[in-house]
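Presented below is the structure to which this report refers.
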Amino acid sequence: GGTMSAKTIAYFDKTANTYDDLHGDERVYIRALEVSWPFIETLAPQSLLDVGCGTGRTLRWVANVSPNVKLFGIDPSINLLERAKFSTPDATLKVGSGEHLEFPDRSIDLVAASAIMHYVDHPSTVISEMFRVAKKAVIISDHNNFAFGSKKAQRIRMLLYCLGLLGVATFIKQGFKKQGYTEHEGWWYPYSLLNNFAQISALSDIVHLIPTGRATAGLGGNILFSQSHFVILATKNGAVT
């Protein structure tokens, strides 16, 4: 299938005109760019691809901070891309899937994904494609669902995860659906960026794991249960000399 289910794309097409209002409080994703950009600047990127660029939030931020970076964006929602074209007219934008990036190997210096992994069908496939296309680095910011909910819910979630039953339990809880739905988020998958850490590490030279949200108490203050959002900035082999 595509990087997002048809109903997810339909949700984004439907909410395109109010997307920034619905998702305007997602400060953690701008924070992800702010905290990682000093590292990124040392790589002197000349080009950036934003996978799942939506209305162009990441592209706009980069254009303001580093106006000489050549910008590219893909998204499966035509309506969101129309908004992005209006706000970032200098970016090269096209309809596309994160699972099949139509770019050559090592063709873009920096490949980014902000808040899309909990919407896609196969995060590991999207990540491997991002690393294939990236020449210097990959930056991904997203959820860590182990930090959500009460301490009791966290204990139950971790126990089910360790037993290999979390996927089944979540499927039942969500009414025998793989995706959950909220008015604010639309259709989403329960997801933790930390679950893809080993894959990212294997594809990288250096991995920076940076918390972007404010920590909560969680279970004993453990980072897995107290940090609900992260950004991973991973440099590729040979990017840093």
For the chain, the percent of accessible surface on carbon and sulfur atoms (probe 1.4 angstrom, ligands and nucleic acids excluded) is 57
If r is the Cβ-Cβ distance from residue 206 to residue 125 and R0 is 25 Å, what FRET efficiency results, to the nearest 0.05? 0.60
Determine the alpha carbon to alpha carbon distance for each of 70/177; 151/173; 151/178; 85/177; 94/236; 151/177 and list only those over 29 Å. 70/177; 85/177
Highest to lowest packing among 149-155, 79-85, 198-204, 53-59, scored as the average C-beta count within 10 Å: 53-59, 79-85, 198-204, 149-155
CD proxy at 222 nm, helix term only [per DSSP H run n ≥ 4: -39500 (n - 2.57); per residue of the chain; nearest 500]: -10500 deg cm²/dmol
Could you check how many percent of all C-alpha pairs in region 99-171 are farther apart than 17 Å? 56
Pairing the Cα long axis of helix 78-87 with the longest principal axis of the chain, what angle in degrees results, from 0 to 90 and rounded to the nearest 10? 50
Let's test the formula: R0 of 25 Å, r as the Cβ-Cβ distance of residue 199 and residue 169. What FRET efficiency results, to the nearest 0.05? 0.60
Assuming R0 = 30 Å, what is the FRET efficiency of residue 35 and residue 102, from their Cβ-Cβ distance, to the nearest 0.05? 0.50
Would you mind calculating the gained length between residue 219 and residue 181 on full extension (0.36 nm times residue separation, minus the Cα-Cα distance), in nm to one decimal? 11.0 nm
What nm value, rounded to one decimal, do you get for the distance between residue 94 and residue 132 when each label is placed 7 Å out toward the C-beta? 1.5
Stretched out fully, how many nm does the piece from residue 87 to residue 237 gain, at 0.36 nm a residue minus the Cα gap? 50.6 nm
Could you state the per residue volume, in Å³, of the convex hull enclosing the Cα atoms of the chain? 123
Antiparallel DSSP beta bridges within the chain, as percent of all bridges there, nearest 5: 50
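The values are calculated or read from the model by the stated rules, or taken from the named source; none is laboratory data. Keep in mind it's a predicted model, so treat the numbers as computed, not measured. Counting neighbours? That spans all protein chains shown, and the Cβs are built from the backbone with ideal geometry, glycine included. Protein only, heavy atoms only, side chains kept; ligands, DNA and RNA dropped before computing areas. Shrake-Rupley method; radii C 1.70, N 1.55, O 1.52, S 1.80 Å.
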